[in-house]
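Presented below is the structure to which this report refers.
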Amino acid sequence: MGTCAQNFTHRLNIKPGVPQREESLCCQNTCVLLTLLHLSVWLTADLMGKKHSMRSNTGLVEMIGLTEKFTFNPKEGIDNPVMVITDDADSVSTPRPRLCVLKREEGESYGFNLRVERGRQGHIIRNVVTGGVAGRSGLQDGDRLLEVNNCYVDDIPHPEVARKIKLSGHQLCLLVLGGNEYEQAVSRGEDLRGLAKVHKGEGCKPPRLCHITRDPVSGLGINFTPVEGEKGRFSVNLATGGAAEKAGVCKGDHLVWMDGATVSDLTHSALSRMMKKCGNHITVLVIDSESEKIYMRERMPILPTIAVPLNLPYRARKHHLVSGSEGYGFLLRLEKTASGRTYHVLREMDSGSPAEKAGMKDGELLLEVNGESVESLKHEEIVDRVRLSGGQVSLTTITLQGLEFYTKLGLSPLLFCENEADESEKESSTPASVAEQSPQKEIDDSCKPRHCSLQKGPSGLGFNLDCVPKSPGTFISQVAFGGPGQSAGLLEGDVITEVNGQNVEEKYLEDVILLIKEGGHFLSLTVMHKTSYKSKQSDTPTRDITDTEQEGDDYEISAL
């Protein structure tokens, strides 16, 4: 081997004098790559020795390519042109979700359809308009939707997902996975919720939307300092025990948005002028500095639509009414306000009627019927939808002052909705004769599960659990007012049937709590009211609600 062998002894730190076959064996024990290199050198030297004889025998063949000298640098890798090492073609890569941020102008659509198709899993992006809002954001035909504004949606019904998108206003944040990647991940049994969480990073907390009311003595209890060297970023200074702190603002928070204005576009002097003009109230969007870094790193927008609401003075309310012997007991009128706008207004609640017992107030404005917005509906169309609901209906309402509050902030009042009363009270108010006369279809409808998606807030998930001692089964024992549980539609007495898609009807309380903790900051629950759940167990067989909803249709579709 001569010089070539000496070069390798020096470069690979092999002691001189050790036979080459021993060197190869030693290297094989430590690194397969080094073994291949030694074998290559041995082969080169052997062929060099035979070169003359081959040439004399054939007179034609000359092994020139194998006589080229090469060197090995462990830091740079192999520069031997004869040797090529490739990766395993069968290796499986981890699916990588993509974040798409959509911004649209007034009157402009997002430019895509969201579909649920028979024979395919997930919420599917279709008909992406070339050059449209969705197309410019990177959304592609066939993508599967994992999150809407930081809320995991792969396991919730299509109408609810479409509703979340429509309530987002002019800016929308979607986390998607390519169609092929999604199907491969599902076939391998991968945790899609976990993929979404990994994308955001651990320890990322949602922003908080806080309404501050001026204290007569100490004022708002908040001011802002520019972050040095970073234009448009402001840190929060608090008065201990002041109005801002009581409203949910925390020390060390950064200001993102104030009274509908994004502060990244403001100077400190402009922000100070806004503070002076705000009067006795101000609504701010804040986030802790560590979570803000994660949002900025992942290029995720910090929006009011993904915030936890704290101390808001007005909330839309969802009422569940069961018809009495004389109907629901209220009038719906189309009225024009002083501003010239017309609204559908609830009037003349009959004493003791289902409407009064449900908590509806005279003068409230109607926003939704059975989850459908009435903004674009005519008066007759709304009445028809109520009548076609059978013996029960869900109405979402808000006061005129509440609607004006959200309009000023540029937000939909439906973003932060609260359920008004426990369904058990409403059921007990229904006359027995009416319950006996109700058709079987109404009983079946009342037994349908409800899907509730929660995002943990500063005070947790906002509900408590309980169980019958020494028996499987878990129910909601308490729902915190204004918390994530109430916003998601949980009611006291609800029986939990699924946690993050896993059936828990036969599991004990301890197992259910463990599953909820494993979900981290995001939780998906399927629940039924205790009365309906008992009725389902005794009178109706268990069924797959997804199959039932899609029966007779090839797909559900929403143009967005």
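Taking neighbour Cβ counts within 10 Å as the exposure measure, how do 497, 526 sort from fewest upward? It would help to have the intermediate numbers written out before the result.
Numbers: 497 19, 526 22.
Starting with the residue having the fewest Cβ neighbours, the order is 497, 526.
Given a cut-off of under 8 Å on Cα pairs at least six residues apart, what relative contact order in percent is computed for the range 315-400?
Values: 149 pairs, mean separation 31.6, N = 86.
Relative contact order of the range 315-400: 37 percent.
Long-range amide H contacts for residue 370: which residues qualify at under 5 Å (H placed 1.01 Å from N, peptide plane, sequence gap of 5 or more or a different chain)?
Close amide H contacts, sequence-distant or interchain: 394, 395, 396.
What is the dipole size for the range 166-227, taken about its Cα centre, with +1 at each Lys and Arg Cβ and -1 at each Asp and Glu Cβ, in debye to the nearest 20?
Numbers: 8 positive and 6 negative charges, 52 e Å.
Here the range 166-227 has a charge dipole of around 260 debye.
Search the structure for amide H atoms under 5 Å from the amide H of residue 205, placed 1.01 Å from N in the peptide plane, and list their residues when 5 or more places away or on another chain.
Here 291 satisfy the definition.
Please report, in debye to the nearest 20, how large the charge dipole of the range 208-297 is about its Cα centre when each Lys and Arg carries +1 at its beta carbon and each Asp and Glu carries -1 there. Don't jump to the answer; show the numbers that get you there.
On the way: 11 positive and 10 negative charges, 41 e Å.
My answer is approximately 200 debye.
Within 10 Å of each residue's Cβ, count the other Cβ atoms and sort 236, 186 from fewest upward. All intermediate terms of the calculation are to be shown ahead of the outcome.
Working: 236 21, 186 16.
The most exposed by this proxy come first: 186, 236.
Once you put a point 7 Å from the Cα of residue 225 and another 7 Å from the Cα of residue 166, both along the Cβ direction, what distance in nm separates them?
That separation, rounded to one decimal, is 4.7 nm.
Tell me which of 127, 151, 102 sits at the most positive position along the dipole axis of the range 101-157, charges placed on C-beta atoms (Lys, Arg +1; Asp, Glu -1).
It is 127, whose Cα lies furthest towards the positive end.
How much FRET efficiency would the formula 1/(1 + (r/R0)^6) give for residue 103 and residue 239, where r is the Cβ-Cβ distance and R0 is 35 Å, rounded to 0.05?
0.45
Using the beta-carbon distance between residue 339 and residue 246 and R0 = 35 Å, what value does 1/(1 + (r/R0)^6) give for FRET efficiency, to the nearest 0.05?
Working: r = 33 Å, r/R0 = 0.94.
The value I calculate is 0.60.
Are there GluC sites (Glu not before Pro) in the range 103-141 that DSSP marks as loop and that have at most 16 other Cβ atoms within 10 Å, and which are they? Please report the intermediate quantities before stating the final value.
Numbers: sites: 105, 106, 108, 117; in loops: 105, 106, 108.
Qualifying residues, ordered by number: 105, 106, 108.
What nm value, rounded to one decimal, do you get for the distance between residue 299 and residue 388 when each label is placed 7 Å out toward the C-beta?
For the pair residue 299/residue 388, the computed spacing is 4.4 nm.
List every residue whose amide H lies under 5 Å from the amide H of residue 308, counting only residues 5 or more places away in sequence or on a different chain, with H placed 1.01 Å from N in the peptide plane.
Under 5 Å from the amide H of residue 308: 208, 209.
Based only on other Cβ atoms within 10 Å, what is the fewest-to-most ordering of 305, 396, 337?
Numbers: 305 22, 396 25, 337 13.
In order of increasing Cβ crowding within 10 Å: 337, 305, 396.
How much length, in nm to one decimal, is gained on full extension between residue 127 and residue 511, taken as 0.36 nm per residue of separation minus their Cα-Cα distance? Write down the numbers at each step before the final one.
Numbers: separation 384, 0.36 × 384 = 138.24 nm, distance 4.28 nm.
Stretched fully, the residue 127-residue 511 segment lengthens by 134.0 nm.
Starting from 0.36 nm per residue, how many nanometres of slack lie between residue 478 and residue 275 once their C-alpha separation is accounted for? Don't jump to the answer; show the numbers that get you there.
Numbers: separation 203, 0.36 × 203 = 73.08 nm, distance 3.82 nm.
Separation in residues times 0.36 nm, less the Cα-Cα distance, equals 69.3 nm.
In the range 366-416, what GluC sites (Glu not before Pro) fall in a loop by DSSP, with at most 14 other Cβ atoms inside 10 Å?
Working: sites: 368, 372, 375, 380, 381, 404; in loops: 375.
Passing both the DSSP loop test and the Cβ count: 375.
Read-outs throughout are calculated quantities, based only on the coordinates presented, and are distinct from any laboratory measurement. The shown structure was predicted, so the numbers you read here are calculated from the model rather than taken from an experiment. Here Cβ is always computed from backbone atoms with ideal geometry, including for glycine, and neighbour counts include all displayed protein chains.
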